[in-house]
Amino acid sequence: MNSTKGSALRRAWFWILILFVIIGAGVTINAVKNRSGAGEIASQEEKQLYQCPMHPDFILDHPGVCGICGMNLVPMEKEGGEGAQDMYPSDVADHTTIYLTPEKIQLIGVRTGKVETMDTNQVIRAVGTVQEDETRLHTINAKIEGWVEKLYVNFEGETVKKGQSLLTIYSPELVSTQEEYLLALRSRERLGDSQFPEIAESGERLVEASRTRLKLWDIPDSEIARVEKSGRPLRTLTIYAPASGIVTQKLVNPGMRIMAGAPLYEVADLSRVWVEASIYENEAGSVKLGDSASIMLDAYPNKKWNGRIVFVSPVIDSQTRTIMVRFDFANPGLILKPGMFVNVDLENPLGEQLVVPFEAVLDSGDRKFVFIYHEDGHFQPRIVQLGEKVNDEYYIVNSGLEAGDTVVTSGNFLVDSESRLKSSNKNQSMPGMDMGDDKSMKAEGTADTTQQNQ
């Protein structure tokens, strides 16, 4: 009896042991299968893809040739880092954050610059023309009718000094007026001894009237004194330069008859000159009277003249949409000559501003963006809102960047192309291998069609 019970117990433990062995084997087989599946998935995810250098959309999961152009496919570079799009999201449509190896960064010549705050000046540039200062132009004319007897200044461009003799005029009217003046002087002497004060005063008034008439004809006191001393009228009247300058117009010749009021010469004082330039209407808010400016000449590349704005036109040229601005400049040595073209720089101080190097900005027409460089090798596209160009090398940043950001300043067009390509590949492919197989099939179909046509 006891022997039978012991045998049954041993059989029960045997079958229990067999059951545990079966269960353990099943768990082991399932774990092996799971690891194998995970390995296959990882292998698929890490599988190397190949693309055509000339047709980047042609991608295969194995080496081969492009079905479009026949070039050998090259391995596609894998993205560096994990979750780049989460860490550095792109806000530029059709662009994505990319990773470049240090070798590729060096190969394409990437250089960077800093976004920083600095003291800024907006520089407006224009081409100007040197003009005479109209307040320093002098027109010499004759107050009386007569004939030109002699010229002392014979050509335009001659330099004259204030008080220098220009020409002499013979005028019968001048001679007769001098004779009247001499007669008035003699009458005053005779009437001055009269017992009647009214008669003496009339002689004095006659002299003053004759003298005033001579002075109105611009006869200087020294000439009138000569007439009084000699007692004879002067035959000719000498015209003198009213100011120093350059003769810009000569309108008389010897023997010419001139009428009262006719212009004889024009003299321009060029010690100061005007420069007139046109600026665009969108720059009008940046200029005002008294602002400083500088000019340079191609003929004197190392010399600069400093001046200021003295006039801003109140009207705009409707055809060119520009506004005329006039500047005043000192002209030592008379280097600046009327009619010369000059390069005008007008500086408008804007104070401390956040700026980005202008080479970093890519303009697609409807948006402006930059690539921010991160130390781990990622390049992130970022839309920016910009203001004026300042200091010749920067744009004012209104939004999109912060001080200390590192931006790409050289090689950014190649970085832009890479970013567009990566974005295009991600948008067009489901898994990359399927896309490659589809393109391979399309390419093979194209090749078959070509062979049939041949």
Filter result (at pLDDT below 90, assigned to a loop (DSSP other than H, G, I, E, B) and on the phi < 0 side of the Ramachandran plot) within the stretch 218-258: Ile219, Pro220, Arg232, Pro233, Leu234, Arg235
Hits in the stretch 41-90 (condition: modelled with pLDDT of 65 or more, in contact with a Phe, Trp or Tyr (Cβ under 8 Å, 6 or more places away or on another chain) and within 24 Å of Gln380 (Cα to Cα)): Gln51, Pro75, Met76
Residue in the stretch 271-285 that is among the aromatic types (Phe, Trp, Tyr) and either surrounded by 18 or more Cβ atoms within 10 Å (Cβ to Cβ) or within 23 Å of Ile219 (Cβ to Cβ) (or both) present: yes
Test result for Asn306, under 21 Å from Arg136 (Cβ atoms), in contact with a strand residue (DSSP E or B) (Cβ under 8 Å, 6 or more places away or on another chain), among the polar types (S, T, N, Q) and surrounded by fewer than 18 Cβ atoms within 10 Å (Cβ to Cβ): yes
Which numbered condition Leu336 fails, given (1) buried (at least 16 other Cβ atoms within 10 Å of the Cβ); (2) within 18 Å of Ser278 (Cβ to Cβ); (3) more than 20 Å from the chain's Cα centre (by Cα); (4) not small (Gly, Ala, Ser): (2)
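Yes/no matrix, rows are residues, columns are (1) modelled with pLDDT under 95; (2) crowded, with 16+ Cβ neighbours inside 10 Å; (3) over 42 Å from the mean Cα position of the chain (by Cα):
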residue	(1), (2), (3)
Gly377	yes, yes, no
Val397	no, yes, no
Ser419	yes, yes, no
Gly436	yes, yes, yes
Gln451	yes, no, yes
Residue ID - nearest to Ala293 (Cα to Cα), chosen from residues in the stretch 349-358 that are surrounded by 16 or more Cβ atoms within 10 Å (Cβ to Cβ) and not aliphatic (A, V, I, L, M): Gln353
Members of the stretch 259-303 found to be in a strand (DSSP E or B), among the polar types (S, T, N, Q) and free of Cβ contacts under 8 Å to residues at least 12 places away in the same chain, listed by number: Asn302
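Here is a yes/no grid of residues against (1) hydroxyl-bearing (Ser, Thr, Tyr); (2) modelled with pLDDT under 95; (3) surrounded by 14 or more Cβ atoms within 10 Å (Cβ to Cβ); (4) farther than 14 Å from Glu347 by Cα:
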position	(1), (2), (3), (4)
Val287	no, yes, yes, no
Phe311	no, no, no, yes
Ile323	no, no, yes, yes
Phe329	no, no, yes, yes
Criterion: among the hydrophobic types (A, V, I, L, M, F, W, C), in a strand (DSSP E or B), touching a residue at least 24 places away in the same chain (Cβ under 8 Å) and on the phi < 0 side of the Ramachandran plot - qualifying residue of Val153, Val148: Val148
Only one of Thr129, Thr168, Thr112, Thr117 that is touching a residue at least 40 places away in the same chain (Cβ under 8 Å), part of a strand (DSSP E or B) and surrounded by fewer than 14 Cβ atoms within 10 Å (Cβ to Cβ): Thr117
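The values are calculated or read from the model by the stated rules, or taken from the named source; none is laboratory data. All values reported here derive from a predicted model rather than from experimental measurement. Cβ atoms come from the backbone with ideal geometry, glycine included; neighbour counts cover every protein chain shown.
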